[in-house]
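The values are calculated or read from the model by the stated rules, or taken from the named source; none is laboratory data. What you see is a predicted model; the values in this text were computed from it and never measured. Positions of Cβ are backbone-derived with ideal geometry, glycine not excepted, and every protein chain shown enters the neighbour counts. Accessible surface areas use protein heavy atoms only, side chains included; no ligands, DNA or RNA. Shrake-Rupley method; radii C 1.70, N 1.55, O 1.52, S 1.80 Å.
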Amino acid sequence: MNVKSPTTERGADIYGFTDQERALRERARETADSLNELARKSDATPGYDAAWHEAVDRLHKDGYFAMTVPPEYGGTPANLLSLVIVQESLSRVDGGLANSISHEACAARALASASEEIRRRVFAQMLAGSLTCIAITEPDAGSDLGAMATTATKNGAGYVINGNKSISSLAGVADIFLIWAKTDPAAGTRGISTFFAPRGTPGITVGEARDTLGFRQLPHHDVSFVDVQVPEGARIGDEGQGLAIFAEALNVGRLGGGAQALGLAVGAYERALDFAKKRQAFGQPISKHQAIQFKLADMFMAIEAGRALIYSVARFMDASELGSREVGTYAAAVKAYESDMAVRVTEEAVEIFGAQGIWKSNDVERLFRDAKVTQLVDGPNELMRMRIAHALIR
Ligand SMILES: Cc1cc2nc3c(=O)[nH]c(=O)nc-3n(C[C@H](O)[C@H](O)[C@H](O)COP(=O)(O)OP(=O)(O)OC[C@H]3O[C@@H](n4cnc5c(N)ncnc54)[C@H](O)[C@@H]3O)c2cc1C
């Protein structure tokens with residue numbers, strides 16, 4: 001599928017992209033189109049099948065993961081706008097695959113606070129194809145991270161970590177574990193610290209990949225930590241800094257979640273537009289019926305508004321301190337706006353396809369399922385609205 005729609009063409013022209021950004025967009029669109037078949041195949045089974053490995057290897061070879069590693073450690077220089085462009089383009093075929101780029105960008109952001117030794121080691125692994133597990137959510141601590149029960153207790157050899165995590169994306173294949181645990185349980189969220197452990201560290205057990213509605217190319221797992229011994233040097237940042245480290249990484253993740261949602265909407269819109277011009281009903285293409293025209297026009301407006309918002313916020317974030325309050329508010333707004341928009345647009349795309357819209361063989365069926373997940377990933381949208389409202393009424 002390689003539809004050239006007005007949205008595709010004008011999107012590149014009216015948002016002030018540089019030649020380099022336009023070229024990146026074209027390249028990522030081509031990569032996405034070449035991955036569509038693999039994404040469809042991999043969607044059929046939970047976990048990491050051959051199609052998943054082939055797709056992720058392609059993303060590595062084409063240099064998209066290298067964009068998440070800081071250039072001083074061998075990565076490709078890339079600002080957040082470039083990462084948005086890549087994720088939007090890739091999500092035209094699959095949200096989960098695009099999210100894996102965002103996931104590594106979040107990990108890289110968290111690692112900015114790590115020791116030089118850890119950074120050198122982990123970034124080299126990431127460039128060689130390793131993926132990361134970000135283990136913060138727990139069975140009884142989702143949005144409410146103060147309820148975290150995992151502990152890291154100091155002993156003579158460093159820290160010993162005990163606890164259970166859930167919804168840890170990519171944990172089944174990750175070589176790098178970033179773990180959030182309480183070093184001072186009495187201090188609530190101020191007692192959370194961040195640690196690094198390599199795969200194979202005794203005491204880490206990863207459960208089966210969960211079978212999910214969407215984002216099936218981003219499998220997630222329960223992970224348990226039983227007497228996991230890490231050296232003191234494995235701590236990232238100071239004790240008690242864990243939530244601040246996570247918040248900064250999460251701002252990158254929320255911008256990424258917004259880009260994935262936008263791309264899913266674009267992918268569904270492009271397919272629906274193409275179909276509407278071909279499908280005949282009552283003697284003419286359905287695109288000639290006003291009810292369908294209005295749907296397409298509404299989809300176009302929603303997508304372009306989403307583009308205007310996310311490109312502006314990405315540029316703003318590129319020019320700002322990532323931990324700032326304003327960045328957090330705008331990152332939350334992007335994530336909530338784009339994901340709510342993606343659910344509406346992908347649903348309309350399914351509608352335009354009629355019964356064919358719910359066929360497993362139809363890409364819009366997958367894009368619709370992925371869009372729902374973007375309302376939940378990187379925090380549910382209720383939490384985004386709380387974050388925005390707090391900033392408004394403070
Ligand atoms: C695809 C995907 C990948 C993920 N990957 C990772 C990962 O790699 N690592 C990781 O650690 N986590 C990951 N997560 C977890 C994600 O960050 C959590 O889903 C999130 O933090 C919220 O936790 P929860 O889903 O358990 O929902 P809960 O926080 O339990 O919320 C349940 C419901 O209650 C609502 N709610 C909660 N508190 C309030 C409130 N105060 N006011 C109003 N409503 C409220 C929520 O909006 C939601 O509707 C992932 C999630 C998804 C969907």
_Any residue in region 139-154 that is more than 19 Å from Leu376 (Cβ to Cβ) and open to solvent by less than 30 Å² (accessible area, probe 1.4 Å) sitting within a Cβ distance under 7 Å of a residue that is in a loop (DSSP other than H, G, I, E, B) and away from the ligand (no atom under 11 Å from the Cβ)? List the pairs, counting only those 6 or more apart or interchain._
Ala152/Thr183
*Does region 59-79 hold any residues that are surrounded by fewer than 24 Cβ atoms within 10 Å (Cβ to Cβ) and assigned to a helix (DSSP H, G or I), and which are they?*
Leu59, His60, Lys61, Ala66, Met67, Pro71, Glu72, Tyr73
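When you check Glu382 against the structure, is it within 16 Å of the ligand (Cβ to nearest atom), open to solvent by less than 20 Å² (accessible area, probe 1.4 Å) and outside any loop (DSSP other than H, G, I, E, B), yes or no? Talk me through it step by step, then tell me what you get.
Details: within 16 Å of the ligand (Cβ to nearest atom): yes; open to solvent by less than 20 Å² (accessible area, probe 1.4 Å): no; outside any loop (DSSP other than H, G, I, E, B): yes.
No.
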_Number of positions in region 111-141 that are closer than 16 Å to Gly242 by Cβ, within 16 Å of the ligand (Cβ to nearest atom) and outside any strand (DSSP E or B)_ = 3
*Out of Arg254, Arg190, sole residue that is of a type in the set (D, E, K, R) and assigned by TED's automatic domain parsing to the domain that holds Leu376*: Arg254
*Out of region 166-181, which residues are on the phi < 0 side of the Ramachandran plot and open to solvent by 10 Å² or more (accessible area, probe 1.4 Å)?*
Ser166, Ser169, Gly172, Val173, Asp175
_Among residues of region 197-223, those that are open to solvent by 30 Å² or more (accessible area, probe 1.4 Å), within 14 Å of the ligand (Cβ to nearest atom) and assigned to a strand (DSSP E or B), counted_ = 3
*Which residues, taken from region 347-372, are open to solvent by less than 30 Å² (accessible area, probe 1.4 Å) and within 16 Å of the ligand (Cβ to nearest atom)?*
Arg366, Leu367, Arg369, Asp370, Ala371
*For Arg27, state whether it is at pLDDT 95 or above, under 18 Å from Arg366 (Cβ atoms) and in a helix (DSSP H, G or I).*
no
*For Ala297, indicate whether it is crowded, with 20+ Cβ neighbours inside 10 Å and out of contact with any His (no Cβ under 9 Å at 6 or more places or on another chain).*
no
*Does at least one position in region 156-165 carry a residue that is under 26 Å from Ile303 (Cα atoms) and open to solvent by 20 Å² or more (accessible area, probe 1.4 Å)?*
no
*Residues of region 289-335 being hydroxyl-bearing (Ser, Thr, Tyr) and in contact with a Phe, Trp or Tyr (Cβ under 8 Å, 6 or more places away or on another chain), which ones?*
Tyr311, Tyr330
*Give just the number: which of (1) assigned to a strand (DSSP E or B); (2) outside the structural domain of Leu170 (by TED's automatic domain parsing); (3) not polar (S, T, N, Q) does Gly267 not satisfy?*
(1)
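For Glu321, state whether it is open to solvent by 60 Å² or more (accessible area, probe 1.4 Å), of a type outside the set (S, T, N, Q) and not assigned by TED's automatic domain parsing to the domain that holds Gln217.
For Glu321, the condition - open to solvent by 60 Å² or more (accessible area, probe 1.4 Å), of a type outside the set (S, T, N, Q) and not assigned by TED's automatic domain parsing to the domain that holds Gln217 - is met.
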_Based on this model, can you work out whether Phe294 counts as free of Cβ contacts under 8 Å to residues at least 40 places away in the same chain and either assigned by TED's automatic domain parsing to the domain that holds Gln87 or on the phi > 0 side of the Ramachandran plot (or both)?_
no
_Subset tally (residues that are outside any strand (DSSP E or B) and under 25 Å from Asp57 (Cβ atoms)) for region 149-174_ = 5
*If we scan region 237-249, do we find a residue that is within 21 Å of Arg29 (Cα to Cα) and within 16 Å of the ligand (Cβ to nearest atom)?*
no
